[in-house]
Amino acid sequence: MQTIRSIKKMQAVARQFAAEGKTIGLVPTMGFLHEGHLSLIDRAKKAADVVITTIFVNPTQFTPHEDLTKYPRDEKGDIRKIKSAGCDIVFIPKAIDIYPDDFQTYVSVEKLSQTLEGAARPTHFRGVTTIVAKLFNITRPDVAVFGMKDFQQAIVLKQMTHDLGYPLKLIIAPTVREKDGLAMSSRNKYFTPDQRPEARALYYALRTAKEMVASGIDSARKIEKEMRAVIAATCPSAEIDYIAFTDDVGLKKVGRVAKSTICSLAVRMHRVRLIDNMKLTGRG
Ligand code: PAF
């Protein structure tokens, strides 16, 4: 596996792959990799001839009250994991090269970036779409893989891909969970061993929602009430930011659960903000 830090070099290598007729799969990450990230690499390997994983802790997607310097990092460990996952290239650009001092161009998906996470974290998605557009321009992927765990992010990026006409297929890979159901996330490491069991609250609530739907209840209001009770019982100090029932394309809120309904939620507990989601009918 090759480690590339220069944008020019990455562009040249991507052009070379294309010239050789090889398809490129891209897996953008902010590092501190866990099994969830490795499953994205695995998915990309199935869909493309060569896989590029990027590590870049993107400052523009942090909102002013979020601490960029405290974001967990482990570059050496990440490179080791990416290599053993069978990736071809790891691209680790420098912040000053991505955002030079005179940087002033942003990509923004207007409507989809404003609800749910966007309402709680204004400018977050503008940062995500800007960096991902830059990574698309640098690596020219045929396929890009993102996780369902960040469902809204994937939908926003799908819209950007469509609107800007990137010639690539965007794949949304399933959420990877810990044994107790907690969705894998770099933020899980912030919990102490005592606090950690309470983080199951989100999964328990989503599972309850899915069970209610399976039993014939389709009222979002009724399901939300029950989910709030489950969260309070599992983590009494939790503060629920939102529980939302939306369709899976335009993120339109629904009052009755249908085939395409996704339930998303954000919950703050022990100073950690967790998000998760689940399709409420069928599998997944
Ligand atoms: O999901 C993430 O880790 C980030 O938002 C992404 C897509 C790598 C952009 O920085």
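The values are calculated or read from the model by the stated rules, or taken from the named source; none is laboratory data. Keep in mind the model is a prediction, meaning the values are calculated, not measured. Note that we place each Cβ from the backbone using ideal geometry, even for glycine, and neighbour counts take in every protein chain shown.
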Exercise for the section: Scan segment 134-190 for residues that are touching a Pro at 6+ places or on another chain (Cβ under 8 Å) and more than 29 Å from V13 (Cβ to Cβ) and report the count. Expected result: 3
Completion exercise
Within segment 21-46, the residues that are in contact (Cβ under 8 Å) with a residue 40 or more places away in the chain and part of a loop (DSSP other than H, G, I, E, B) are T23, M30, G31, F32, L33, H34
Handout entry: Options R177, R187: the member that is surrounded by fewer than 19 Cβ atoms within 10 Å (Cβ to Cβ), within 28 Å of L26 (Cα to Cα) and either at pLDDT below 95 or touching a Cys at 6+ places or on another chain (Cβ under 6 Å) (or both)
Key = R187
Completion exercise
Flagged in segment 37-90 as within 26 Å of G21 (Cα to Cα) and touching a His at 6+ places or on another chain (Cβ under 9 Å), in numbering order, are T53, I82, A85
Practice task
Could you list all residues from segment 156-193 that are part of a helix (DSSP H, G or I) and in contact with an Asp or Glu (Cβ under 8 Å, 6 or more places away or on another chain)?
Solution key: N188
Exercise for the section: Hey, can you tell me all the residues within segment 14-46 that are within 16 Å of R80 (Cβ to Cβ) and either more than 16 Å from the ligand (Cβ to nearest atom) or in contact with an Asp or Glu (Cβ under 7 Å, 6 or more places away or on another chain) (or both)? Expected result: G31, F32, L33
Exercise for the section: Look through segment 110-125, keep the residues that are of a type outside the set (A, V, I, L, M, F, W, C) and within 15 Å of the ligand (Cβ to nearest atom), and return whichever of them is surrounded by the most Cβ atoms within 10 Å (Cβ to Cβ). Expected result: S113
Fill in the blank from the handout: Condition set more than 20 Å from L135 (Cα to Cα), of a type in the set (S, T, Y) and not in a helix (DSSP H, G or I), scope segment 47-104, selection farthest from the ligand (Cβ to nearest atom): answer is T63
Practice task
Identify the residue in segment 135-167 that is more than 11 Å from the ligand (Cβ to nearest atom), free of Cβ contacts under 8 Å to residues at least 40 places away in the same chain and not hydroxyl-bearing (S, T, Y) and, among all such residues, is surrounded by the fewest Cβ atoms within 10 Å (Cβ to Cβ).
Solution key: G165
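Per-residue answers, yes or no, for (1) under 20 Å from V176 (Cβ atoms); (2) surrounded by 15 or more Cβ atoms within 10 Å (Cβ to Cβ):
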residue	(1), (2)
A44	yes, yes
T54	yes, yes
F62	no, yes
K76	no, no
I89	no, yes
I96	no, no
V107	no, yes
Completion exercise
Expected single match for within 15 Å of the ligand (Cβ to nearest atom), not in a helix (DSSP H, G or I) and not polar (S, T, N, Q) among V128, V107, V132 is V107
Fill in the blank from the handout: Of the residues in segment 14-32 that are in contact with a Pro (Cβ under 9 Å, 6 or more places away or on another chain) and of a type in the set (G, A, S), the one that is farthest from Y166 (Cα to Cα) is G31
Exercise for the section: Could you identify the single residue in T161, T123, T105 that is of a type in the set (S, T, Y) and on the phi > 0 side of the Ramachandran plot? Expected result: T123
